[in-house]
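The values are calculated or read from the model by the stated rules, or taken from the named source; none is laboratory data. As the structure is a computational prediction, the values presented were derived from the model and not from experiment. Counting neighbours? That spans all protein chains shown, and the Cβs are built from the backbone with ideal geometry, glycine included. To get the accessible areas, we keep the full protein, side chains included, count just its heavy atoms, and leave off ligands, DNA and RNA. Shrake-Rupley method; radii C 1.70, N 1.55, O 1.52, S 1.80 Å.
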Amino acid sequence: MLNVLLCRAFCLQLERWSCILRSSEDNLKNLQPLLGGAYSKNQLSWTLQIKPSVFSEYRIMCFKSYSMTFACLNRMKSYRLPWTRLYSTSRTTVDSSEVKTFLALAHRWWDEQGVYAPLHSMNDLRVPFIRDNLLKTVADHQPGKPLSGMKILDVGCGGGLLTEPLGRLGASVIGIDPVDENIKTAQHHKSFDPVLDKRIEYRACSLEKIVEETAETFDAVVASEVVEHVLDLEMFIQCCCQVLKPGGSLFITTINKTQLSYALGIVFSEQIAGIVPKGTHTWEKFVSPEKLESILESNGLSVQTVAGMLYNPFSGYWRWSENTSLNYAAHALKSSMQKHPAPAEFALKEETEELRIETSTNSEPRR
């Protein structure tokens with residue numbers, strides 16, 4: 001918008017000078033004393049004998065005006081209003097090709113012997129991992145409902161495989177997924193349990209769509225087996241941070257980007273054993289714990305735990321491991337001290353005051 005306004009202003013200025021040069025005969029005669037020009041009625045062209053002092057003055061004024069304009073605009077662009085989005089609405093974390101893959105499998109989420117069997121058994125690790133780390137942040141809890149009073153966002157919830165266990169622990173959970181059929185499956189399954197029906201809410205949307213309405217709302221955000229499917233990882237983490245309360249927890253489980261993860265996670269699991277459907281994963285989207293930690297810390301999140309996870313395809317069970325070369329789980333905390341940017345008008349006033357003080361200080365005579 002600023003570029004458009006600048007272009008318009010510049011075009012108007014050029015047009016004003018063009019009008020002067022294309023003026024009528026009477027206007028040229030009126031301008032002649034100022035410009036010191038020689039004009040002939042019988043000639044289509046005329047020569048201006050420019051007075052250096054006149055045009056030098058206007059040129060300096062013009063350049064000063066534009067310099068001040070650009071300086072002011074650049075200064076204002078450096079301030080962000082508190083209600084301004086931190087991301088472009090034209091960007092998205094959702095990969096349309098990934099949506100098509102999961103759309104075809106939406107009806108198979110609750111088949112414990114089907115393609116999502118590894119995710120069902122993963123609950124034996126990830127549910128206690130989330131529960132135990134959240135309980136470290138509270139003084140006491142209710143027996144049987146340890147997460148009572150906590151609000152959790154389950155991003156990429158699919159059919160609700162992780163959402164429901166968290167709801168049974170007493171938490172108020174919102175599950176979101178960009179695949180509408182996944183949400184329909186999740187809503188249908190939770191409708192059989194009246195308790196879960198009250199504690200769980202599902203929405204068919206992307207993470208960035210609810211950032212504004214749920215800013216700093218959740219005690220925890222869970223993204224289990226999701227980050228390896230998103231289109232823009234940095235934007236995804238940024239959105240997770242925005243919806244978290246200060247001091248809130250972010251839980252991620254994903255696949256490391258190693259040669260071993262390619263051999264076992266894609267070649268063996270998808271192409272040979274058929275544990276997961278072909279095309280479910282893209283190795284280029286896998287992320288190492290080091291890179292993930294770097295992105296988390298750049299968004300004000302401090303990593304507390306990174307633990308390796310190993311899956312036995314023959315027994316169908318998961319176990320914890322010190323080796324993170326395949327799957328791993330991470331827990332990060334959002335800083336409890338968040339700096340909010342001041343509105344532009346107040347920031348400019350503050351800077352103007354600082355400049356005034358600095359000028360007055362420099363102008364004082366030295367003793």
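Observations
- Distances between placed amide hydrogens fall under 5 Å for residue 205 paired with 177, all partners being 5 or more residues away or on another chain.
- Each Lys or Arg adds one and each Asp or Glu takes one away; over the other residues whose Cβ falls under 13 Å from the Cβ of residue 199, this sums to 0.
- The range 96-334, accessible area per residue, ligands and nucleic acids excluded (1.4 Å, Å²): 44
- Two-site label geometry, residue 216 and residue 191: point separation in nm, points 7 Å out along Cα→Cβ: 3.8
- Over 19 Å (Cα to Cα) - which of 151/198; 209/285; 145/334; 291/334 fall in this group: 209/285; 145/334
- Net length gained if the chain between residue 319 and residue 283 were fully extended (0.36 nm per residue, minus Cα distance): 10.7 nm
- Pairwise FRET efficiency - residue 205 versus residue 337, Cβ, R0 = 30 Å, nearest 0.05: 0.50
- For the range 124-210, the share of accessible area belonging to carbon and sulfur comes to 50 percent (1.4 Å probe, ligands and nucleic acids excluded).
- Overall form of the range 147-293 per C-alpha gyration tensor (a/c, 1.5; a/b vs b/c): oblate
- Total formal charge among the other residues, if their Cβ is under 13 angstrom from that of residue 116, Lys/Arg +1 and Asp/Glu -1: -2
- R0 of 35 Å, Cβ-Cβ distance residue 267-residue 305: FRET efficiency to nearest 0.05: 0.75
- Net charge in the neighbourhood of residue 306 (other residues with Cβ under 11 Å of its Cβ; Lys, Arg +1, Asp, Glu -1) is -3.
- Principal axis analysis of the Cα atoms in the range 95-198 yields extents of 44, 27, 26 Å, listed in decreasing size.
- Dipole-positive endmost among 127, 215, 266 within the range 96-334 (Cβ charges, Cα centre): 127
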